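Only one structure is covered here, and it is reproduced in the block below.
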Amino acid sequence: MDPQLIQYYDKKLKGNRLPSDALPELLNTQKIVILHFLRHLGCLYCKNAVDQLYKLSTQNPGFPRIIFVHQSPIDIGDAFFEKHFPGASHISDPELSLYNLFGIQSLKGLRYLDPRMIFKGLKLLLMGYSNRLGMGNVKLLSGTFLFLNGKLVWQHVPKRAGDEPNWKKVIPK
């Protein structure tokens, strides 16, 4: 991902609870902004990640602004976040233009058979999470980008579904 490209992104962002509809300004609305791309809103790994982030945000008053990016229409995003992270800022990107700009990778080939992915999926199923297809491109992976004063300073590029950063290490205390 070339951070310089962000300043040239001129499409208006669509979503809810966004402090700006322009990407460069959005990433500079607070000292720390985290942009987290979700695979699709039916993904059990994503539901778990969003639930974890909600829990961390309610426990930490200094929690930075996190903005989620998803492939679904705004109203489906609203219903998803009402359940998993009430009040979350989210961007609807069904055209995948932000996914492409940030170089979000696709799950390829035998990576569907990664034992860590399968084990985590089974564990999440036992915890009550469900997987629902038809909510977007299921091959896309997630991605996390941390901006400090509008500048990209850290990113997590997963290698398989369910490969999320250790949120407790990412989120400053």
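Assorted remarks:
- Only listed residue being among the β-branched types (Val, Ile, Thr) and under 14 Å from the mean Cα position of the chain (by Cα), chosen from Ile104, Ile32, Ile76: Ile104
- Among the residues here, Lys108 does not qualify as over 19 Å from Lys139 (Cα atoms), among the charged types (D, E, K, R), out of contact with any Leu (no Cβ under 6 Å at 6 or more places or on another chain) and surrounded by fewer than 22 Cβ atoms within 10 Å (Cβ to Cβ).
A quick yes/no check of all residues on (1) at negative phi; (2) among the β-branched types (Val, Ile, Thr); (3) surrounded by fewer than 15 Cβ atoms within 10 Å (Cβ to Cβ):
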| position | (1), (2), (3) |
| --- | --- |
| Gln4 | yes, no, yes |
| Gln7 | yes, no, yes |
| Lys12 | yes, no, yes |
| Arg17 | no, no, yes |
| Glu25 | yes, no, yes |
| Asn28 | yes, no, no |
| Val33 | yes, yes, no |
| Gly42 | yes, no, no |
| Cys46 | yes, no, no |
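- Within segment 118-158, being within 15 Å of the chain's Cα centre (by Cα) and part of a loop (DSSP other than H, G, I, E, B) holds for Met135, Gly136, Asn137, Val138, Lys139, Leu141, Ser142, Val157, Pro158.
- Complete set of residues in segment 55-87 that are over 17 Å from Asn131 (Cβ atoms), aromatic (Phe, Trp, Tyr) and crowded, with 19+ Cβ neighbours inside 10 Å: Phe68, Phe81, Phe85
- Residue that is nearest to Phe145 (Cα to Cα) [pool: residues in segment 29-86 that are of a type in the set (Gly, Ala, Ser) and free of Cβ contacts under 8 Å to residues at least 60 places away in the same chain]: Ser57
- Annotation: of all residues in segment 47-73 being in contact with a strand residue (DSSP E or B) (Cβ under 8 Å, 6 or more places away or on another chain) and not in a strand (DSSP E or B), the one that is farthest from His156 (Cα to Cα) is Pro73.
FYI, it's all coordinate maths here, none of it is from the lab. The structure displayed is predicted, hence computed values, not measured ones. Quick reminder, even Gly has a Cβ in these numbers, built from the backbone with ideal geometry, and neighbours come from all protein chains shown.
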